[in-house]
Structure formats: C-alpha cells, structure tokens
Amino acid sequence: MEYFSKVKKIAYEGPKSKNLFAYKYYNPEEIVLGKKMKEHLPFAVAYWHTMVQEGGDPFGPGTFQRNWFGKTPMDTAKNRVDAIFEFLTKLDVEYFCFHDADIAPQGGNLKETNKNIDEIVSLIEKRMKETGKRLLWNTANMFSDPRFVHGAASSNNADVFAHSAAQVKKGLEVGKRLGGKNYVFWGGREGYESLLNTDMKLETDNIARFMKMAVDYAKEIKFDAQFLIEPKPKEPTTHQYDFDAATTIAFLATHGLQKDFKLNIEANHATLAGHTFDHDLCVARINGMLGSIDANQGHVLLGWDTDEFPTDLYSTTLGVYQIIENGGLHKGGINFDAKMRRGSFEQDDLFLGHIAGIDTYARALKAVEKLKKDKFFEDIIDKRYASYKTGIGAKIVAGQTDFKQLEEYALNNKNLKNESDRLETLKAKLNDYLY
Ligand code: XLS
Ligand code: NI
Ligand code: NI
C-alpha cells in the first residue's frame, strides 16, 4: 500500500516556488564549497519521531493521524517499514536512524523480543536493497521500559546491567547486518536524582565498563561503525552523567575510551545545558570528537527538549560553520531528532516539517559559503589574536618561554593595551549573510 499517496517526490524548485511540497533551497546536486549539497548535508529521518510519535502530551492523548496502524503491534511494525522507506524515497533523504524499540514491539521475554527484531530487520534489509537507503545509526532504547527505572548501565541492579548488555549486543549485531555507519549511546536514564542514595563512582565506572564491552564486542564481530555518545544535561534524570560535550569528553578520557568514541551533538541538548549549539559543536570539534548531529531546536521560552524542527537560520548557520571547519561529518550525518507540534497532526505534515529543516540547513550552508569566501571569521580571529604571531606571543605559542622570562617582559612592558572587540558591529555584519 502507498502510505503518502497525496505526496509526490519532493524536488528542488527554487526560492520563488509556491509549492509547499518542494525544496526552495536544498538542491542536492548543487556544488557548494567544492562538494555537492547532499554530501555536505547527509540527512537522516528519525524513526521514533516520524513513525512512532502519536502527539500526546501530559494533558491529552495523541492527535496525529497515521494510516499505518494494523491489527497487532507486529502488523503496525511491518507497515511502518514500508511507510518509512516510501517517506525516505519521496523526501529524497538517504539515511534513517532507529532505536530497537521503534522498529519492533517487545515480546514476553528477551528471546521473543529478539525474534520480533529479526523479523522486522529482514524487512528493513530488503527495503534498503530496493531503495538504496542507508542506516546512519541505531541505538538501544534503555529508558522507556519500567525495568530501567534506576538506569541501565548505571542501574544499582546488576540484572538490569546484564539485560542492557544483551540489548546492546543485539543492537550491534543488527547494526552490522544493516551496514550501520555509527552506533549511538544516549544515556537516557544514566544519571541520578539524589546523592542520598547514589554511589556515583560505581555508577560511572560501570558505564565505562559497559562501553568497553560494547567496543570489544563490535571488534569481535567486525562491526566497524563509529561509536557515538549523545550528551544531554537533564531530562529524564536531574543529573545526567553525559551533561554536555566537555563533560562527556572528560569521562571518555578518564576511562581511556577517547579513541573509540565521538560525539553526537544535539542542538536542543546543547541549549538545555546552557550552551549554544555551535558551542558544543566547537568543543567536540577542537577535541577531534565531532561525529554526528541530531538536528532540532528548543523553544526559547521553554526549558525542556521540545525537539522542534530547526528553522532558526542564525544558530543553524553557526552550526554548519562548525561542520565545515571539521572538514565534514565523515561517518556522521544530520539526523532530524525533531517532531511535529501536536497541532500539526496531518500525516503530510511530516513532509513539511522535514522540508522546513532541510531548507534551513541548505540556506545555512549557502550562508557559510559566503562567510568562507569573505574569510569573515578568519579575518576576525586573525586580527584578534595577532599578538600571538610575533614577539612574546609567538614564543608562548611555541613553548619557548617560561615564567622568569615572562616576568622580565612584563616588568619592562610600558605599553599594555587592549582593543575593543566591537562585537555589536560583528553581529550586525553577520546579519548581512543570513537572508
Ligand atoms: C533524547 C535523545 C534521543 C536520542 C536517541 O532526548 O535525543 O532521542 O537521540 O536515543
Ligand atoms: Ni537525540
Ligand atoms: Ni533529545
């Protein structure tokens, strides 16, 4: 059956087009900064938001009209496979991402669950071959089921740790079978509510043990995906262990895991942590840890993970700038971890949300192209740090000086003078590039 029968393949029609179901800026084959747009921006659709969300909120049930519900959970799961591949094909997006729990329903026990997964994975594999679509990453949902009430790898209950290990083991096998490019850990309930009852050292050491076992198993089965950790500061727990990029990098370094992992940076998680999107991307990038992106945005007035489609050109442009400075995302991609607002309940709205996000990233890429051509940021940085190019500054950077020399320099220096940043002018100039 055709699930989106009213929608034809979304094509580039240019900025003047009035057709809602068309790209105005995303022109996949267009060359920007030496590469095709689609190579700069390897988009992915998130199974959980697009196929599974029903649009409920704490005050009311779901509103989303979807035509893939079947008689049994397995029927629905099978219909969803057909629906997502139709969606990817019509949207002209190459990648998708999923949690184990998104694709197949839980059985009465682990064995039955794995059987359900295998059955659905066979269907996915078939559709991937037919359509050429690819798996950007998969992950394990170790937060929804009540067994994860106290965490997964950080649970106080070793049986839950073991169950989680079995789940990730299966996830790695599935990732390998489907040729997944990355494997993601978002530490859903890996955090704590209160130190009154928490052994933080044991919990974080256990997470590290868990990660090591995952890396070892992937090697054993020759699954060469890039492992990614997705930082998030709060929600659901008060103190999430992977607070932000810096905290997560420190955790990986402490436990000797830095070379086995990179980060999946989500825009709304960065802002929840009190950072900008580009801040967390930059922290990851300068540490050689920028792996992939969960594209979305928070609402400026709401303090939680609202997972809106990214339409803010300002923050997206600064984000794309970091991708370009990173030399691209390599194995990573741009996954729309974004959902429709409850009021956008028609099934076609799923296209419109993705088109809005994709066009925003495309416009951002074009803005970055102009910024790079003008050496906008390069000139600012060059000028601002010029004192490190010559004289004492050059010596500091080359590691050719010490405190005694620096004291001597300071004692003789009659001319210490700072310059104004003129940040207001810079911000106003940046606006010229955005619209
Ligand atoms: C939740 C996370 C989640 C991860 C995948 O806030 O963003 O959706 O991306 O588990
Ligand atoms: Ni995410
Ligand atoms: Ni999120």
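Brief remarks follow.
- Once the 1.4 Å probe is applied to the protein heavy atoms, the chain comes out at 50 Å² accessible per residue.
- Value at 222 nm in deg cm²/dmol, rounded to 500, when DSSP H runs of n ≥ 4 in the chain each add -39,500 (n - 2.57): -14000 deg cm²/dmol
- Amide H contacts of Glu266 (H built 1.01 Å from N, in plane; Pro and chain starts excluded): Asp294 sit under 5 Å, all sequence-distant by 5 or more or on other chains.
- Candidate aspartates and glutamates for bridging to Lys383, where Cα separation is under 13 Å - those fewer than 8 sequence places away on the same chain excluded: Glu419, Asp421
- Ranking Gly343, Trp137, Pro73 by how far each Cα lies toward the positive end of the dipole of the chain (charges on Cβ) leaves Trp137 at the top.
- Computed P(r) (all Cα pairs; the stretch 103-232; 10 Å bins; percent): 12, 41, 34, 11, 2, 0
- Around the Cα centre of the chain, unit charges on the Cβ atoms of Lys, Arg, Asp and Glu (plus for the first two, minus for the last two) sum to a dipole of about 1120 debye.
- Taking every DSSP beta bridge that has both ends in the stretch 215-342, the antiparallel portion is near 10%.
- Ranked from largest to smallest solvent-accessible area, with a 1.4 Å probe on the protein heavy atoms, Trp304, Trp186 come out as Trp304, Trp186.
- Straight-distance candidates among the aspartates and glutamates for linking to Lys222, with alpha-carbon spacing under 18 Å and chain neighbours fewer than 8 residues away dropped: Glu173, Asp260.
- Carbon and sulfur %, accessible surface of the stretch 232-325 computed with the full protein complex present, 1.4 Å: 57 percent
- Crossing angle, helix 158-177 versus the chain [Cα axis fit, 0-90 degrees, rounded to tens]: 90 degrees
- Gain in span if fully extended, Lys115 to Thr72, counting 0.36 nm per residue against the direct Cα distance: 13.9 nm
- Less than 5 angstrom separates the built amide H of Asp242 from those of Lys232, all sequence-distant by 5 or more or on a different chain.
- Accessible surface of the stretch 1-106, 1.4 Å probe: 55 percent of it comes from carbon and sulfur atoms.
- Over 22 Å between alpha carbons, listed pairs Lys395/Lys429; Lys35/Lys259; Lys133/Lys176; Lys133/Lys169; Lys170/Lys201; Lys71/Lys339: Lys395/Lys429; Lys35/Lys259; Lys133/Lys169; Lys170/Lys201; Lys71/Lys339
- In terms of its Cα atoms, the chain spans 83, 59, 44 Å along the principal axes, sorted from long to short.
- Integer Hz, Karplus 6.51/-1.76/1.60 couplings in order for the stretch 350-360, x for Gly and Pro: 4, 5, 5, x, 5, 4, 4, x, 5, 5, 5
- Kirkwood-based Rg to Rh ratio, the stretch 1-87, C-alpha trace: 1.07
- On Cα atoms only, tilt of 277-286 relative to the major axis of the chain in degrees: 70 degrees
- The C-alpha atoms of the chain define a longest principal axis, and helix 73-91 lies at about 50 degrees to it.
- Packing rank of 339-351, 306-318, 214-226, where each peptide gets the mean count of other beta carbons within 10 Å, highest leading: 306-318, 339-351, 214-226
- The stretch between Lys18 and Glu346, if pulled fully straight at 0.36 nm per residue, gains 116.1 nm over its current Cα-Cα span.
- Peptide packing: for 77-84, 258-265, 112-119, the average count of neighbouring Cβ atoms within 10 Å per residue gives the ranking 258-265, 77-84, 112-119, highest mean first.
- Taking each residue as 0.36 nm, the span from Thr390 to Asp92 lengthens on full extension beyond its C-alpha to C-alpha distance by 102.2 nm.
The values are calculated or read from the model by the stated rules, or taken from the named source; none is laboratory data. Keep in mind it's a predicted model, so treat the numbers as computed, not measured. When we count neighbours, we look across all protein chains shown, and the Cβ atoms used for this are built from the backbone with ideal geometry, even at glycine. All accessible areas refer to the heavy atoms of the entire protein, side chains included, with ligands and DNA or RNA removed. Shrake-Rupley method; radii C 1.70, N 1.55, O 1.52, S 1.80 Å.
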